[in-house]
Amino acid sequence: MPLFSLSPIVSLKLKHIWKKPNSSLLYYRRRIPEDLKPLLEAAGSEWAGKSQIVISLQTSDPKTAAPKIVKLTAQHDKEWEELRNPSKVGTLAQAETLLRNRGIDPAAPNEDEQALSHFFDIVEDSLPRRVKDNLQEAYEQDYATSPKRDIDLHLSPVVATALQIVQGRREFTLSDCLDQYVTSRSEKAAKTAKIAFGYLRDFFKEDRGLASIRRQDVNDFVKWLLAGEHNKDGKTITTTTVARYLNSIIAAVGRAIKENELDIKNQFSSVEIPNAGKDAQERLPFELSQLKTLHRVVDEWVSAKGWDQPRCIITVLAETGCRLAEVTGLASADVHLDTEPPYIDLMEHPWRSLKNDKASVRKVPLTPRAIEAIKAAQGLSKGSKFLFPRYTTVDKCNINTVSATLIKWLRSRNGFENAKVDNHSLRHSMKDRLRAVQCPDSIQDQILGHTTRGVGAGYGQGYPLAVLAEWVKKAMAAVWA
């Protein structure tokens, strides 16, 4: 490991650094492990056939070179790990690259017999002697019915997958479908898909090939979910939840069929769910008396224990009609209390998306009670980038946790023991409060982040914030009385 002198008393040791003789430029130089050389060749890497990676760092200053070396080292560590232990998606991509590098089109592998013959020679050379002695028998086995793939067992995952492609026995499975789908979707959509495909694999008791799934299988899967057999406690789920899981599967399978040019039907499309929607429980808004009670129990809590983030959140929900994620995922910079009127600025963030994107991006005026809760939240956040750092990080906004906390707390308060209301009910309540004071529909939509119908709704910038604030004040006056 070279030692670089930065000053008469400070030296720096750097790994993977090299300097050519008679040159001041520094280079990143790293030996390629022997086990990676065939994998790099199979993947068509620019470093295939080389014994070392050499990259100019475009500097002669060791301090400038150091972070570049760290970045390159991490990059190659990640790439090499993927080559050694590829994911299913990575294995398929590497296998297709391997075939193309050998002059074989993965979509039509039998078009070039010479290239195909050369590929088989490569496969055979990598097999143990005992497998080579029975090679013809292995090639001629009925792959449609035989559970054993003797040749595959002695090949790397990439080469085995490439062999399956050229022999026409590569199955596109449920896990393949899921892996491709989650890489192209939001965290929320990916989470739903993972749950849905998890249940699907549990139902089939294997990683089933898409082509082998029949319509009756899908109908049985729906009945299995509705009967609660997916849950070890036998807890059933609503038809609405089943529909959500099916929609996620339909989207993933549809994408797989399109992107991979699979000649199969999407057996999950237009599936009938028995008694769909009839078991849905109506979400009731808070009545006026319940809103008053909510503020009272929050005041009692704050008087006894002081403000905390859950009580701040539920107060802002009640006073603005915002969605739970909109409030919980607020950045500290989204709050504007020194303006007239004070407001929160709802916008997209990497940790929290917005529903109905365009309509949901909006400014929402704050009532005096909401301002009090937000000021308390600012004090509790202790200078954090997030208004509610207990539930929000740079990676995500954990609304499931805050939702469960608030519902449990609310239903333990006097007056709410048997109430069929939840956090989202406060949004419905704001809608009713606005209706009660005959607020125009277009203003209601702008406050709540709903899309206003009609051609004219797309013109202009909307109502001034002061107008929205006046209507919110009128709507909430009866609650504060």
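The values are calculated or read from the model by the stated rules, or taken from the named source; none is laboratory data. If you're wondering where the values come from, they're calculated on a predicted model, not measured in any experiment. Cβ placement follows ideal geometry from the backbone for every residue including glycine, while neighbour counts extend to all protein chains displayed. Surface areas here come from the heavy atoms of the whole protein model, side chains and all, with no ligands, DNA or RNA. Shrake-Rupley method; radii C 1.70, N 1.55, O 1.52, S 1.80 Å.
Does at least one position in the range 359-367 carry a residue that is out of contact with any Gly (no Cβ under 8 Å at 6 or more places or on another chain), of a type outside the set (A, V, I, L, M, F, W, C) and more than 23 Å from Arg433 (Cα to Cα)? Taking every residue of the range 359-367 in turn, none turns out to be out of contact with any Gly (no Cβ under 8 Å at 6 or more places or on another chain), of a type outside the set (A, V, I, L, M, F, W, C) and more than 23 Å from Arg433 (Cα to Cα). Would you call Thr293 touching a residue at least 40 places away in the same chain (Cβ under 8 Å), open to solvent by 10 Å² or more (accessible area, probe 1.4 Å) and farther than 28 Å from Ala190 by Cα? So Thr293 fits the description; yes.
Tell me whether the range 331-347 contains one or more residues that are open to solvent by 20 Å² or more (accessible area, probe 1.4 Å) and under 18 Å from Gly306 (Cα atoms). No - not one qualifying residue is present in the range 331-347.
The single residue among Pro33, Pro2, Pro38 that is under 30 Å from Phe120 (Cβ atoms) and modelled with pLDDT under 80 turns out to be Pro38. Looking across the range 227-240 at every residue that is touching a residue at least 12 places away in the same chain (Cβ under 8 Å) and open to solvent by less than 40 Å² (accessible area, probe 1.4 Å), the one that is nearest to Gln267 (Cα to Cα) is identified as Thr239. In the range 80-107, the qualifying residues are those that are free of Cβ contacts under 8 Å to residues at least 12 places away in the same chain and out of contact with any helix residue (DSSP H, G or I) (no Cβ under 6 Å at 6 or more places or on another chain), and the one that is nearest to Glu41 (Cα to Cα) is Ala93. Report, by residue number, each residue of the range 378-404 that is in a helix (DSSP H, G or I) and surrounded by fewer than 18 Cβ atoms within 10 Å (Cβ to Cβ). Gln378, Gly379, Leu380, Asn400, Thr401, Ala404 - these are the residues of the range 378-404 that are in a helix (DSSP H, G or I) and surrounded by fewer than 18 Cβ atoms within 10 Å (Cβ to Cβ). When Thr315 is tested against the conditions (1) of a type in the set (S, T, N, Q); (2) in contact with a helix residue (DSSP H, G or I) (Cβ under 7 Å, 6 or more places away or on another chain); (3) open to solvent by 30 Å² or more (accessible area, probe 1.4 Å), the lone failure is (3).
Here is a yes/no grid of residues against (1) open to solvent by less than 50 Å² (accessible area, probe 1.4 Å); (2) assigned to a helix (DSSP H, G or I):
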position	(1), (2)
Ile407	yes, yes
Arg413	no, no
Val421	yes, no
Arg427	yes, yes
His450	no, no
Ala466	no, yes
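Within the range 241-264, restricting attention to residues that are open to solvent by less than 50 Å² (accessible area, probe 1.4 Å) and among the polar types (S, T, N, Q), the residue that is modelled with the highest pLDDT is Ser248.
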